[in-house]
Amino acid sequence: MIMKKEIVSPNVRNFIMSLRDVGYTFDVAVADVLDNSIAAEASEIHIHMLPEPDLIFCMLDNGNGMSNKDLVEAMRLGTKNPNDTRSKLDLGRFGLGLKTASFSQCTKLTVISKKSNKISAKQWDLNYIAKEDEWALLTPTLRQLNHLPLFKQLKAQESGTLIVWQLIDGVSKDDLSSTISGLRKHLSLVFHQFLEGAPKYKAITITINNNPLKPFNPFNTSHPATQQLAIEKLKINKSTIIVQPYILPHHSKLSQQEYEQYATEDGYIKSQGFYLYRARRLLIYGTWWGLHRANDAHKLVRIKVDITNEQDKLWDIDIKKSTASPAPEIKNDLKNIIRQVTEKGSRPYTGRGRKIEDKTTTKFWELVPHDSGLRFALNQSHPLLEKLQEDLSESNRQLLDMYLKGLQAYLPLESIQAQLQQNPYELQQTTMLTDEDIKDIATKLKLAGLSDEAIKDLLKTEIFKNHKELFNNGNQ
C-alpha cells in the first residue's frame, strides 16, 4: 500500500535567516570563499574591500572560470554530495561554502565568471527571495555589472571568477581598518603553504587592496633554533596521516619582535597543540582535542597534522571548516605522539631552571629540597650577606633574618611565572642595579679592608663576575 504524502515546502524567509546564522566570522567566511579560487587552479587572487559609497567586498581570481551552466550549478545550495570523490585540489565538501559564507556577511551575492571568452553572471538577493518567497536566481545585465570593482580586470583576463558581496552587515565601515588587518593575518596563516609554494606546487599570490600577503608559517621553520622532530605516519584503514612535531625557539633565541609575532594574537599558551591541514590548507590550530591539558611548559610545542580531502569522515569536519575532531581510532596514536613531544618541548624551560645550580657563580638564590618538594631560598653563604651579618648587632641580625625569611616565603612565583610567559621582554629586573650602584658597593667593600680570599669569593658573585676591574688591586 502506497502511503499518502504531502509536499511541505520550507518557509523561505525563515529559512534564509537560519542559513545566515551558521556562525561564520568575517575572516573564516572569506577563507571559505577563497577555497573555491584555489580549487579552480588560480595563481592570483585579488581582494578589494572598499567603504564608499557603500561597503563592498570583491574577490577576483584568474582560475579556470565557469560556463553559464556550471555557474548556475555552483550557485545551487548543496551542489555537491559530501561523500563523492573529489579532486585533490578541492577544498570544499558540502557544496555550501560559497553561499553560506557569503550569506553570513551580506544579503546580495553576485558571482561573475569568464570561460571560453564568455562572461556569465548570477546573483542571489536574499531580500528579493524573502519578498517573492521563492529561490529565484537572478541574472544581472552587463550594464549592472560595469560599475563593480575589478569587473574590468575580469573582462581583460582569459578566464577567472569575480565574487561580489553587497549590502554587507557582517562588518561595519567604522571597523574596516581593523577588519582588513585581521583578515590579512588570518589568510596569511591559513593559506601560508599556498603562499610559500613547494617543489610540486607553484606559489600563489593573494593581495588585499593591492597589498600582497606574506606567508606566516606558525612553526618558524626558517629559524635555526626551531626543533623539527621525526615525522610520524599513521595508517588508518587505507589512509595515511602525516604528523610533524615542532618545538619553537625559547624567547632568549629570538628578538622581541619575532617572539611576539610567533605568539600570534592568541598568545603562546593558546597556540600550542595540533595544527590540522587538509589538502595543504590550515583548518584549525591551537588545540589538543581534549587529549592533553595546555600548560606553560609545553607552550612551544606545535604539531602539524596533514590529511587529504578524502579523510573528512575521520575528523568530523564542519561546514565552516573551522572545527574538527579526530575519530577514536586516531586518538591513541596522537596521545603517544603528545607524550614524546611534550617531554622534549619542556626542556627549554627545565634546562634553564637547572642553571641555578651552576657552581661557577655564587648566586643570590638557590633551589633547595624541602619535605617532598622544592623551594627557592636565599644563599646564606653569599659573601655580601656574610659581611653584612658580621657588622650587625645580635638584635639587628635577628631582624634581618626575619626580613629575609619573609622575602623568601612570599616570593610572588605565580606573578613572576605569568609575566615570564606573557611579557618576557618587558621584565627588566637587572636594571634595578646600575653600574654606579655596583661601583659604589665595590668602593665601600675595598675600604673595609677585604682579604684576598674574600675578594676572590666576591668575584664569583653575580654582581661582580663581569666587573672584575673594580677590584684591580685584588685577585683577578
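Nothing in this text is a laboratory measurement; each read-out follows from the coordinates by a stated rule. Predicted model only: the values in this text are computed from it and were never measured. Please note: Cβ atoms are built from the backbone with ideal geometry, for glycine as well, and neighbour counts cover all protein chains shown.
See the values below:
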quantity: Unit Cα scatterers, Debye sum, segment 227-351: log10 I(q)/I(0) for q = 0.14, 0.15, 0.20 Å⁻¹; calculated: -0.60, -0.69, -1.16
quantity: Cα gyration tensor, segment 12-212 - rounded (a/c under 1.5), prolate or oblate; calculated: rounded
quantity: Cα principal axis extents for the chain, largest first, Å; calculated: 104, 57, 44
quantity: DSSP-defined antiparallel bridges as percent of all bridges, segment 227-351, nearest 5; calculated: 75 percent
quantity: Net charge dipole size for the chain [Lys, Arg +1 and Asp, Glu -1 on Cβ; Debye, nearest 20]; calculated: 1980 debye
quantity: Shape call, segment 358-471: gyration tensor on alpha carbons, a/c limit 1.5; calculated: oblate
quantity: E132-N146 pseudo-label distance in nm [points 7 Å out on the Cα-to-Cβ vector]; calculated: 2.5 nm
quantity: N332 versus A297: modelled label distance in nm, points set 7 Å from Cα along the beta carbon direction; calculated: 2.6 nm
quantity: Additional length obtainable on full extension of the chain from L50 to K253, 0.36 nm per residue less Cα span; calculated: 69.0 nm
quantity: Listed pairs K202/K304; K214/K270; K185/K235 exceeding 28 Å between Cα atoms; calculated: K185/K235
quantity: Contour excess over end-to-end distance, with Cα ends at D401 and N11 and 0.36 nm allotted per residue; calculated: 132.4 nm
quantity: Length gained when the stretch S116-K456 is fully extended (0.36 nm per residue, less Cα-Cα span); calculated: 113.8 nm
quantity: Inter-site label distance for S393 and R76 at 7 Å from Cα along Cβ, in nm; calculated: 9.9 nm
quantity: Most to least packed among 259-270, 239-250 [average Cβ atoms within 10 Å]; calculated: 239-250, 259-270
quantity: Taking the chain and dividing mean pair separation by its residue count, relative contact order in percent (alpha carbons under 8 Å, at least six apart); calculated: 11 percent
quantity: FRET efficiency, 1/(1 + (r/R0)^6) with R0 45 Å, evaluated for L367 and T323 via beta carbons; calculated: 0.55
quantity: DSSP bridge pairs, the chain: antiparallel proportion in percent, nearest 5; calculated: 85 percent
